[in-house]
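Participant: Just passing along the structure, written as structure tokens.
Each reported figure results from applying straightforward, stated rules to the coordinates on display, with no laboratory input. Note that the structure is a prediction, hence the values are computed from the model and not measured. A quick note on method: Cβ atoms are made from the backbone with ideal geometry, for glycine too, and the neighbour counts reach across all protein chains shown.
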Amino acid sequence: MIPKDLMNIFVNGNAAYVGQTASISPKAESTTLLETSLGGAYQVDEKLTVGVRLKFLKGITNLTTQSANMTLTEDSNFALTANASMDVRSSGIHNFSDSNFDFGNHIHDYLKNNGFAIDLGATYKLNDKLALGASLIDIGKIHWQNNTYGYRIDPEKANYTFPGVDLSKVINGNGDYLKSLGDTLQNRFQVQQNPIGSYSTPLPGKMYLNGMYEVKKNLTLGAVFFSERFRGRLSSGLTLGANKHFGKWVSTSLTYTVTSNSFNNIGAGFSLNLAPVQIYFVGDNILRMPLGGMDHYISTTKYFNLRMGLNFVLGWDKKGGASGRSIKSKGDHLPGKLYEK
């Protein structure tokens, strides 16, 4: 996450911040992991079905900003005062800076980071036409203990007032002046790195509320409300969509999504049902791509999502035969995701 003040200063300069304090502290979160899960669903009655998925996680690498506070204050004389503090933690990343490090010889160390998570969901069929659903996804965390390192900036030292550059010394070729200035900044804002103990990070927890209404056979309208909470930041979105099934083999979807302060996201999806295999492609904000040209699309797009996958559908219908019908995907729900009947 890059603060708006930082981008404004980079693009427009610092003149607009005279007498003000700008927040310029970026934050980062990166996680790679392996996930093994076991899930199931239970039909309570003709209307209510509940499901649960248990996940066993193996963390591979992590980089997380525990805290960051970097500010830039400009007085009326254009003197800049910078203050900073930072606490960044990592697991499995510091080793890569060693030229002699061989990942293959240490792969077992990268499987020491254990974690658990759970998904919960339920659907309720109000009548033959209308069904409602709710789910909580990725409720859990990972405990990191392999190659854990901390990167810190000391707030007691990380402060400096920069009155400006003495151009006469620069023009006269005073190399010691620029070197002294650079050394001062480096010493005050030096990043200290040290081994640390184990730590834990949560997964980005997600919530979905959805409703599906069958207008007629093979045509369904739906809505999905999405919310993700992570490290105190809440992101939400709303998708309205229509699913059309052409026989047993082809399914399509058309969606409109509002998310991330963006209101022009039109998506589409397609699935091919070749029992017992189903192939699907689905994405948000992809239909505008060919309309205004690639340059216009890139410069105006705030949100983009594309997913493709393969489902193996196994079942047996009550009439006595293998069921080749596709089922609703049990994967993570995304705004604009194609829902298979």
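Participant: Starting from the Cα of residue 216, draw a straight line to each of the aspartates and glutamates and keep only those under 16 Å, dropping any in the same chain fewer than 8 residues away.
Facilitator: Output for residue 216: 128, 340.
Participant: Now, a different point. Using helices alone, what [θ] at 222 nm do you get for the chain, with -39,500 (n - 2.57) per DSSP H run of 4 or more residues, divided over all residues and rounded to the nearest 500?
Facilitator: -3000 deg cm²/dmol
Participant: Using label points projected 7 Å from each Cα along Cα→Cβ, tell me how many nm separate residue 16 and residue 168, to one decimal.
Facilitator: Each label point lies 7 Å from its Cα, and together they span 3.6 nm.
Participant: So if R0 is 41 Å, what FRET efficiency would residue 69 and residue 308 give, r being the distance between their Cβ atoms, rounded to the nearest 0.05? Numbers along the way, then the final one.
Facilitator: Working: r = 41 Å, r/R0 = 0.99.
In this case the efficiency is close to 0.50.
Participant: Do the alpha carbons of any pairs in 4/58; 112/141; 27/141; 4/169; 55/248; 125/206 sit beyond 26 Å of each other, and which pairs?
Facilitator: 4/58; 4/169; 55/248
Participant: Beyond 29 Å, how much of the Cα-Cα pair distribution for the chain remains, as a whole percent?
Facilitator: That fraction is 58 percent.
Participant: Given 120, 182, 245, which one lies farthest toward the positive end of the charge dipole of the chain, if we put +1 on the Cβ of every Lys and Arg and -1 on the Cβ of every Asp and Glu?
Facilitator: The one lying farthest along the dipole's positive direction is 245.
Participant: Another question about this same structure. Which is farthest toward the positive dipole end of the chain among 105, 59, 71, measuring Cα position about the Cα centre, with Cβ charges +1 (Lys, Arg) and -1 (Asp, Glu)?
Facilitator: Of the options given, the answer is 59.
Participant: Let me ask something else about it. PRE reach from residue 120 (point 7 Å along Cα→Cβ): which of region 31-49 fall under 16 Å by backbone N?
Facilitator: Only 40-42, 49 pass the distance filter.
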